[in-house]
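The values are calculated or read from the model by the stated rules, or taken from the named source; none is laboratory data. Being a predicted model, the structure only gives us computed values, none of them experimental. Note that we place each Cβ from the backbone using ideal geometry, even for glycine, and neighbour counts take in every protein chain shown. For accessibility, only protein heavy atoms count, side chains too; no ligands or nucleic acids. Shrake-Rupley method; radii C 1.70, N 1.55, O 1.52, S 1.80 Å.
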Amino acid sequence: MEVNSTANTLSSAYLAVEYVDSFLPENPLQEPLKLAWNHMLQNYSKFQIATWGSLIVHELIYFLFCLPGFIFQFLPFMQKYKIQPDKPETWEKQWKCFKMLLFNHFCIQLPLICGTYYFTEFFSIPYDWDSMPRWPFILAQCFGCAVIEDTWHYFLHRALHHRRIYKFIHKVHHDFTAPFGMQAEYAHPAETLILGAGFFIGIMVFCNHMILLWAWVAFRLLETIDVHSGYDIPLNPLHLIPFYAGARFHDFHHMNFVGNYGSTFTWWDRLFNTDSQFKKHYSQHKAVKSD
């Protein structure tokens, strides 16, 4: 009964997206993307695309999205948006973070990425252009992946804060009480595996083309780097996402260590009242700011 209910929900969601898609114009970048995609298929094997292509996509997107936050520290006019201005980034912290990232990316995540080809083959996930879903479907699937990952992240992240195990694993991620973008994947190797597992659950539910793997990587990296950026930038387009947590919400988690356990959304914290300390802090912040 539950399986049928889930299938009906997904079917209804796809019909809704298809209906909206029927009113949307064609993507002006469609032809250039088609040429580039077909060129890739003609010159590289599926294994090379799934393995080395995925690694390149992850590294380029990760450090590209980290770049604005890195530059902000040198721009005086951006400091008014820094959430914890009394705790600036230092070269020592950033170098420490970068070394841990290299280890996690190439010694923990790369072996996992090497399994991408076998995953796509086992589930018969296509690579060809003609099977690629249109971008509204990809966005909807990424949102579905985010909902699933956020649920996994909330409960496992909260468990990692249990006093009996916190110091052994999750404490590493809290080395910095004032986060910065590059720190998004700074974590104990065990945490990389535990919390990272949530990334793959949505893929197993929604993935119907290789492009979704890369689109979901891009969306997840953009989100996690944004919430770790340390800057609450006005007119952030990500804030258009319903119940989006944002930098100020997650920054409080690093400053306070307790509460605000969600990764992308705020609903689990609201439901279990684990954002109560944040609400009190934020209301005081707004009161001081208005004075």
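Some notes on this structure:
- Filter result (assigned to a helix (DSSP H, G or I), open to solvent by 10 Å² or more (accessible area, probe 1.4 Å) and modelled with pLDDT of 95 or more) within the range 226-247: D226
- Matching residues in the range 131-154 - criterion: being open to solvent by 10 Å² or more (accessible area, probe 1.4 Å), in a helix (DSSP H, G or I) and in contact with a helix residue (DSSP H, G or I) (Cβ under 6 Å, 6 or more places away or on another chain): P136, F137, I138, A140, G144, I148, W152, H153
- Top-ranked residue of the range 55-72 - restricted to ones that are in contact (Cβ under 8 Å) with a residue 24 or more places away in the chain, farther than 19 Å from W214 by Cβ and not aromatic (F, W, Y), ranked as surrounded by the most Cβ atoms within 10 Å (Cβ to Cβ): G69
- The residues on offer are W135, W95, and the sole one that is out of contact with any Cys (no Cβ under 8 Å at 6 or more places or on another chain) and farther than 30 Å from P242 by Cβ is W95.
- The conditions of being part of a helix (DSSP H, G or I), within 30 Å of P111 (Cα to Cα) and among the aromatic types (F, W, Y) are not met by W268.
- Test: H157 is at pLDDT 95 or above, surrounded by 13 or more Cβ atoms within 10 Å (Cβ to Cβ), farther than 23 Å from A215 by Cβ and touching a His at 6+ places or on another chain (Cβ under 7 Å): no
- All conditions in (1) under 17 Å from the mean Cα position of the chain (by Cα); (2) surrounded by fewer than 22 Cβ atoms within 10 Å (Cβ to Cβ) hold for H281, with the sole exception of (1).
- Residue that is among the β-branched types (V, I, T), under 17 Å from F199 (Cα atoms) and either touching a Phe, Trp or Tyr at 6+ places or on another chain (Cβ under 8 Å) or surrounded by 14 or more Cβ atoms within 10 Å (Cβ to Cβ) (or both), where the choices are I108, I125, I83: I108
- Residues of the range 254-265 classified as assigned to a helix (DSSP H, G or I) and in contact with a helix residue (DSSP H, G or I) (Cβ under 8 Å, 6 or more places away or on another chain), total: 2
- Condition met for M255 (open to solvent by less than 30 Å² (accessible area, probe 1.4 Å), farther than 18 Å from H153 by Cα and touching a residue at least 24 places away in the same chain (Cβ under 8 Å)): no
- Inside the range 35-54, residues that are in contact (Cβ under 8 Å) with a residue 40 or more places away in the chain and either over 14 Å from I113 (Cβ atoms) or open to solvent by 80 Å² or more (accessible area, probe 1.4 Å) (or both) make up a count of 4.
- Within the range 100-114, not a single residue is in contact with a His (Cβ under 6 Å, 6 or more places away or on another chain) and either not basic (K, R) or not in a helix (DSSP H, G or I) (or both).
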